[in-house]
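One structure below.
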Amino acid sequence: MSLLPSDGAFGSAQRQRIFQILVLAISVVYVGRLAWLQIIQGSVYKLKAEAQAIKQVATEPFRGMIFDRNGRAIVQNAPGFSITVTPYEFTNESCARLSKILGVADTLIWQDVQKSAKFNKFAAAKLYYGRDVDFEIISAIEEQRDSLPGVDLIVDPKRQYAFDGNASHLLGYTREVAESQLKQLGDAYSPGDLTGQTGLERAYERNVRGIKGLQYVAVNKNGQRVASFNDGKSDVAGLEGDDLFLGIDTDLQELAEKLMGSSRGSIVAVDPRNGEILCFVSKPDFDPRSFSGKTGRTYYNVVRDAPGIPLLNRATTGQYHPGSTWKPLMALMAMQEGIITPTTRLPCVGGYQFGNRFATCHGGVHGMIDYKTAIAVSCNSFFYQLGVKVGLEKFHYYGSLFGFGQKTGVDIGEEKRGLLPSREFMDKHVGKGNWTNYVLMNWGIGQGEVEVTPMQLAAYTAAISMNGQWNQPHAVREIYSKTLNKRIKVSYESRDIPIKKEYFSVVKEAMRAVVTSGTARLVDLPGYDVCGKTGTADVRKGQPPQSWFICFAPMNDPKIAMVVTGEGAGYGAAFAAPIARKLLDLFFLKQWPADVARDTTWTRKPGATPRSAAPADSTPQRKGPFAKPYAERPVATLPRPATPVAAQPAAPQR
């Protein structure tokens, strides 16, 4: 018996419709699922298919920003892109292609890879020649990604400077960590990482460097990331570096640098009430922007070997004879020891006779002269006599009270002690019995063996203005901790010098007379009672003298103490004092000199780097392979390594 109709039809019309709907529904489900897998979720499954392993990748933190006393962000960060290489996965083919993309000889690339392999051949390390690459190189690497095993791109922050100046010896610069440093610094650094080399970048490296984060990513057979692991839930976030808040006055800093121009010397200004550095200039200097991002390997050597030694921090390591700026200290010594009183007069006959030697006074014959007049006209004869009367032991004792012959402890890092001679020093370097008290005459006018740094002289000037309160000079006033989310005030040394306050008042009156009727009358700023002292220190016979000027203001409520010096610049009244006057005008009257040009780009647009100082390659151009076809860069012809990375010879250290 058959269930089918005798005419061969497949059941009724209703049954046929049900069957057709069922077939259609099944087809829609299959097609829909296929579309979901192939079209909507296709990229996800492709990444999963390509992923061969899970890789741990370090993420670079942003270094802490640096702010001036008015809250301006003068040192900021900007994201850049750098190339990393994993030595274990890097091949000859990768090197050849990367060499053409970067325009760098493959031998030089192998040197970097070899150095990284010594540290950890399984970890990705930044390539020196692949730092801060532009958009064209990024595009080329992405296009040839499948042919570059072991090569990847990371976000690599770089420094930006938002003011019309350098402040290079104050701020310092960052540079790739050396191989020798890696052994000392431990696991916190890897090859290719940046570390502070000088200035605040080095002194506060532990604070500003931040803490690296960790990303877990799925990688393909070439060791390149294809997806994040576990949707990023397993990643460990990094921590930005702490921010530094300085006492620096950016306007004053910019003007000081411009006024020094191409001269060799330095300017240091501090707030005498607490020791905060208001401006810090050492000339010649260098542009720290050139150490940020992409930097030629030979740039450091160019700066190091340049005339005038731009890398030398003259403000803290330059050691000079202080000349007549030393005379206020001699008067304080003599009055405290009872050798003279404020009214004591000593003879000046155009010089002073000591034994069979006669030392001249450059100001001619002054006759019977008191201390105030001697300071105002800078009479050498008066201070020749004080040097001899004070004696060697007391000379050394009082000099030490003001911090001479020792480091000030300024938080910039590099600093020298200067030289405060003692009996032991003279016996050792001159020979016992080979010198007489005639040396005290030279010391009395800041010559001979006496040497100071501009930073020491700034702290000394500030101490006089504060009636004997010596405050340790420093750049950083506060640190904003990203861990604690609060500002932490930094404490520094403050001490009283055991000399009667009345004697400081006498010295300040004499320094005021220098400005009102003496050698620095052009510095007199009406209403601000500027006190100062010019200095002209002999260097070597036949060479121009060292120019000095120290000052503070106002006399009875000091807000600034300053030192200006120029190597071989001549008289203090001719070079140093005019610079100080313009800086005082800006500090108190907010008057920028009309004859000094200034780029105010960053003031009109906060955070912008001045056009005059911006490196040409600091901002990648918005272009791509469709706007401009990529062209391989010319490569210098160098011998190529014939052996794989594991057997490469050790690369010479940079």
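Of the residues making up the stretch 569-580, those that are more than 27 Å from the chain's Cα centre (by Cα) and not in a loop (DSSP other than H, G, I, E, B) are Ala577, Pro578.
Considering only residues that are of a type in the set (Asp, Glu) and open to solvent by 40 Å² or more (accessible area, probe 1.4 Å), look in the stretch 136-154 and name the one that is modelled with the lowest pLDDT. Reasoning before the result, please.
Start the filter on the stretch 136-154 by keeping residues that are of a type in the set (Asp, Glu), which leaves 136, 142-143, 146, 152.
Subsequent filtering for residues that are open to solvent by 40 Å² or more (accessible area, probe 1.4 Å) retains 142-143, 146.
On the way: Glu142: 86, Glu143: 87, Asp146: 82.
Result: Asp146.
Residue by residue through the stretch 533-561, note down the ones that are of a type in the set (Lys, Arg) and open to solvent by 10 Å² or more (accessible area, probe 1.4 Å). Steps first, answer last, please.
If we filter the stretch 533-561 for residues that are of a type in the set (Lys, Arg), which is where we start, we get 533, 540-541, 559.
Matches in the stretch 533-561: Arg540, Lys541, Lys559.
Only a single criterion out of (1) part of a loop (DSSP other than H, G, I, E, B); (2) at pLDDT 75 or above is not satisfied by Gly223, namely (2).
For the stretch 483-511, name all the residues that are of a type in the set (Ser, Thr, Tyr) and under 31 Å from the mean Cα position of the chain (by Cα). It would help to see each step written out before you state the result.
Start the filter on the stretch 483-511 by keeping residues that are of a type in the set (Ser, Thr, Tyr), which leaves 483, 491-492, 494, 503, 505.
Matches in the stretch 483-511: Thr483, Ser491, Tyr492, Ser494.
Within the stretch 446-458, being in contact with a His (Cβ under 9 Å, 6 or more places away or on another chain) and either over 23 Å from Ile267 (Cβ atoms) or in a loop (DSSP other than H, G, I, E, B) (or both) holds for Gly446, Gln447, Gly448, Glu449, Val450.
Quick test for you: out of Ile369, Ile339, pick the one residue that is open to solvent by less than 50 Å² (accessible area, probe 1.4 Å), on the phi < 0 side of the Ramachandran plot and among the aliphatic types (A, V, I, L, M).
Working: Ile339 fails: open to solvent by less than 50 Å² (accessible area, probe 1.4 Å).
Among Ile369, Ile339, only Ile369 is open to solvent by less than 50 Å² (accessible area, probe 1.4 Å), on the phi < 0 side of the Ramachandran plot and among the aliphatic types (A, V, I, L, M).
For the structure I just gave you, tell me whether Leu185 is over 22 Å from Asp249 (Cβ atoms), touching a Ser or Thr at 6+ places or on another chain (Cβ under 7 Å) and aliphatic (A, V, I, L, M). No, not satisfied. Against the condition under 25 Å from Gly265 (Cα atoms), over 32 Å from the mean Cα position of the chain (by Cα) and assigned to a helix (DSSP H, G or I), how does Val514 come out, does it pass? It is true that Val514 is under 25 Å from Gly265 (Cα atoms), over 32 Å from the mean Cα position of the chain (by Cα) and assigned to a helix (DSSP H, G or I).
Do we find a residue being within 17 Å of Leu346 (Cβ to Cβ), touching a residue at least 24 places away in the same chain (Cβ under 8 Å) and β-branched (Val, Ile, Thr) anywhere in the stretch 375-382? Yes: the stretch 375-382 contains one or more residues that are within 17 Å of Leu346 (Cβ to Cβ), touching a residue at least 24 places away in the same chain (Cβ under 8 Å) and β-branched (Val, Ile, Thr).
Taking first residues from the stretch 57-82 that are in contact (Cβ under 8 Å) with a residue 12 or more places away in the chain and partners that are among the aromatic types (Phe, Trp, Tyr) and open to solvent by less than 50 Å² (accessible area, probe 1.4 Å), the Cβ contacts under 7 Å between residues at least 6 apart in sequence or on separate chains come to Phe67/Phe245; Ala73/Phe67; Ile74/Phe67; Ile74/Tyr161; Ile74/Phe163; Val75/Tyr161. What do you reckon, is Thr107 of a type in the set (Val, Ile, Thr) and over 16 Å from Glu176 (Cβ atoms)? Criteria met by Thr107. For Arg72, the criteria (1) surrounded by 11 or more Cβ atoms within 10 Å (Cβ to Cβ); (2) modelled with pLDDT under 80 hold in every case but one, which is (2).
Within the stretch 339-371, being out of contact with any strand residue (DSSP E or B) (no Cβ under 9 Å at 6 or more places or on another chain) and under 18 Å from Lys389 (Cβ atoms) holds for Ile339, Thr341, Phe354, Gly355, Arg357. Residues that are over 24 Å from Asn467 (Cα atoms) and either of a type in the set (Phe, Trp, Tyr) or assigned to a strand (DSSP E or B) (or both) were ranked within the stretch 479-509; the one that is most open to solvent (accessible area, probe 1.4 Å) is Lys489. Kindly evaluate Thr519 against the criterion of being modelled with pLDDT under 95 and either outside any strand (DSSP E or B) or touching a helix residue (DSSP H, G or I) at 6+ places or on another chain (Cβ under 9 Å) (or both). It is true that Thr519 is modelled with pLDDT under 95 and either outside any strand (DSSP E or B) or touching a helix residue (DSSP H, G or I) at 6+ places or on another chain (Cβ under 9 Å) (or both). Candidates Pro554, Pro558, Pro544: the one that is free of Cβ contacts under 8 Å to residues at least 60 places away in the same chain and farther than 24 Å from Ser262 by Cα is Pro554. All conditions but one from (1) open to solvent by less than 40 Å² (accessible area, probe 1.4 Å); (2) over 22 Å from the mean Cα position of the chain (by Cα) apply to Tyr161; the one that does not is (2).
With the requirement that a residue be open to solvent by 70 Å² or more (accessible area, probe 1.4 Å) and of a type in the set (A, V, I, L, M, F, W, C), what does the stretch 510-520 give you? Walk me through how you get there before you give the answer.
Kept after step one, since they are open to solvent by 70 Å² or more (accessible area, probe 1.4 Å), are these residues of the stretch 510-520: 517.
Scanning the stretch 510-520 gives no hits.
Set side by side, the residues Val410, Val390 differ, and just one is open to solvent by less than 40 Å² (accessible area, probe 1.4 Å), in contact with a His (Cβ under 7 Å, 6 or more places away or on another chain) and at pLDDT 95 or above, which is Val410.
Identify, please: which residue in the stretch 448-467 is open to solvent by 20 Å² or more (accessible area, probe 1.4 Å) and not hydrophobic (A, V, I, L, M, F, W, C) and is, among those, farthest from Ser378 (Cα to Cα)? Quick ask: steps written out before the conclusion?
Looking only at the stretch 448-467, we keep the residues that are open to solvent by 20 Å² or more (accessible area, probe 1.4 Å), and these are 448-449, 451, 466-467.
Remaining after also requiring not hydrophobic (A, V, I, L, M, F, W, C): 448-449, 451, 467.
Details: Gly448: 17, Glu449: 20, Glu451: 19, Asn467: 22 Å.
Out of the qualifying residues, it is Asn467.
Among the residues of the stretch 372-379, is any buried (at least 17 other Cβ atoms within 10 Å of the Cβ) and not in a helix (DSSP H, G or I)? Yes.
For the stretch 468-478, what are the residues that are surrounded by fewer than 20 Cβ atoms within 10 Å (Cβ to Cβ) and either outside any strand (DSSP E or B) or touching a Leu at 6+ places or on another chain (Cβ under 9 Å) (or both)? Even if it seems obvious, please write down each step before you answer.
Step one: list which residues in the stretch 468-478 are surrounded by fewer than 20 Cβ atoms within 10 Å (Cβ to Cβ), which gives 468-469, 472, 478.
Result: Gly468, Gln472, Glu478.
The values are calculated or read from the model by the stated rules, or taken from the named source; none is laboratory data. Keep in mind that this is a model prediction, so the values were computed, not measured. Using ideal geometry, Cβ is built from the backbone for each residue, glycine included, and neighbour counts are taken over all protein chains shown. Each accessible area value is taken on the protein alone, full model and side chains, heavy atoms only, with ligands, DNA and RNA left out. Shrake-Rupley method; radii C 1.70, N 1.55, O 1.52, S 1.80 Å.
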